[in-house]
Amino acid sequence: MATAGLFDPIHIKHVEIPNRIALAPMNVTYSTQDGYATQQDMAHLARRAQGGFGLIITGAVIATKLAAPFVYHRNLYLYDESFVPGLNMMVQACHNFGAKIFCQLSVGFGRQGHALDGRPSPAPSRIPLERSPERTPKGIIDYMIRAPGVLAETLHDPVPREMTIEEIKDEVYQYAMACRKCVYAGFDGIEIHAPHGYLEHQFLSPRSNKRTDMYGGSLENRMRFLLEVTQMALMAVGNAVPVGIRMSAQEHMPDGITIDEVKIVVKRLEDLGVAYLQLSDGSYEALDYMFPGSIKHVEEHLLREAKEIKSVLKIPIIVPGVNDRAIAEKAIAEGVADMISLGRGALADPDWPNKVKAGKKVTECKRDCMCLIGSLVGLSPRCTVNPELGYEQYDPDLFPKKRVGPTVPSALTKLPPPPPPPHI
Ligand SMILES: Cc1cc2nc3c(=O)[nH]c(=O)nc-3n(C[C@H](O)[C@H](O)[C@H](O)COP(=O)(O)O)c2cc1C
């Protein structure tokens, strides 16, 4: 049987994606302060679609009003209809170049959240983060040495507050309603954002979840929140669009969730009807795994973890950070990954897929994390090797000149009735 290649199309449920290369979700903090999409949000994604990325996945979009104040500086929001038109413009800008676009939807940052007014963020338990320089990418540490105090100002980690059961139930419902708004906005799919130590991950982890009620303790209890979010999301959109999930393969911290538990969780999610898994690794406490420092690290960790997790799944799996054609082709041919996604590599070179396809040299990402430092200090990402990053909005070719696609998204006709609100 012939094996799949990087430039072969793939189906995620009924959605055909033209190749196996996705833009990894990145919150590029181009939105307005109150969470609306800007022209730069559109142009940033359109530029990557123009460069050949078959699937564009948005950065985390905050689904609920409770979670909205607790982000780093700025984020896209989708907790009411007013956010839909801006997101629809992003969708059209990507469709214009033939790419599919999924919305990564977040139920919140939990203890990794930072309110501008210092309020404690809602989380499973009152356990603050513990970051250490040893677990932080070298580029960020070098910057902290050069600009002492600057990052410390934005990286303080306040003690969160424990969410009530009523809040948990309401978040599940609000999240499902935001999923329906993704369909209104015309997205081709939804990705539940559950990696990197964010809220769902915090519930899963015995390190950050010390609850004694039905949402804490056993794995069954710790996964209850994520299963409820997923179940309600699937119920809310029916067959209108595929719903995937992003998860960290493991936490890489003492008492953190292990790959053995993650395998049980992803199998349960697949049984519920989740359409694909995009893998990642680590959390804010294990940034060295969240932002691999070399392709060797990706081969030794993410790709190995992908192989192990894939052994229990039938759904497609996307592996990030594989910015090397030979390694990506091998992973796909051997069935370790069905798609790859590029984060920092796509900031460094938006034409990565087209150049690789044409056998041209790509501009290599230095993995120095300068993109992250930009966002951490309240700017937007800057890149050492790509001065165009952040200025895409000044290229008129990136904007559609007329409506792209039908007057209203055809998936709307497939939406089931909305789920009932929780009894609170
Ligand atoms: C500026 C920036 C913002 C990011 N925001 C998100 C996000 O919103 N959601 C998410 O799941 N991952 C986010 N990530 C992580 C990336 O999706 C990716 O997993 C990580 O950068 C490792 O892949 P890479 O080596 O290709 O960069 C972000 C990364 C960067 C650099």
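Laboratory data are not the source of any read-out in this text; all were calculated from the coordinates shown. What you are looking at is a predicted structure, and each value in this text was computed from that prediction instead of being measured. Glycine also receives a Cβ, built like all others from the backbone with ideal geometry; neighbour counts cover every protein chain displayed.
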Worksheet item: Using a simple spin-label model with points 7 Å from Cα along the Cα→Cβ vector, what separation in nm is obtained for LYS366 and ILE145?
Response: 1.5 nm
Worksheet item: Which of the DSSP-defined H helices in the chain satisfy a minimum axial length of 15 Å, computed from C-alpha atoms, and a minimum mean Kyte-Doolittle hydropathy of 1.0?
Response: 224-237
Response to the item:
Cα-based Rg then Dmax for the chain, in Å, read 19.8, 59
Worksheet, complete the sentence: Counting only DSSP beta bridges with both partners in segment 10-398, the antiparallel fraction in percent, to the nearest 5, comes to 10 percent
Item to complete: For segment 181-270, state what percent of all Cα-Cα pairs lands in each successive 10 Å bin, counting from 0 Å until the bin that includes the largest distance.
Response: 17, 48, 26, 9, 0
Response to the item:
Computed, not fitted: 222 nm per-residue ellipticity of the chain from DSSP H runs ≥ 4 (each -39500 (n - 2.57)), nearest 500, equal to -9500 deg cm²/dmol
Worksheet item: Which residues in segment 6-25 have a backbone N closer than 11 Å to a point placed 7 Å from the Cα of LYS357 along the Cα-to-Cβ line?
Response: 7-9, 18-21
Item to complete: Arrange the peptides 206-214, 24-32 so that the one whose residues have, on average, the most other Cβ atoms within 10 Å appears first.
Response: 24-32, 206-214
Discussion item. I'd like the Kirkwood hydrodynamic radius of segment 112-259, using the inverse of the mean 1/r over distinct C-alpha pairs, in Å.
Written reply: 17.0 Å
Item to complete: Please list 260-266, 100-106 highest first by mean number of surrounding beta-carbon atoms within 10 Å per residue.
Response: 100-106, 260-266
Practice prompt. Provide the packing ranking of 309-318, 40-49, i.e. peptides ordered by the mean count of other C-beta atoms within 10 Å per residue, highest first.
Written response: 40-49, 309-318
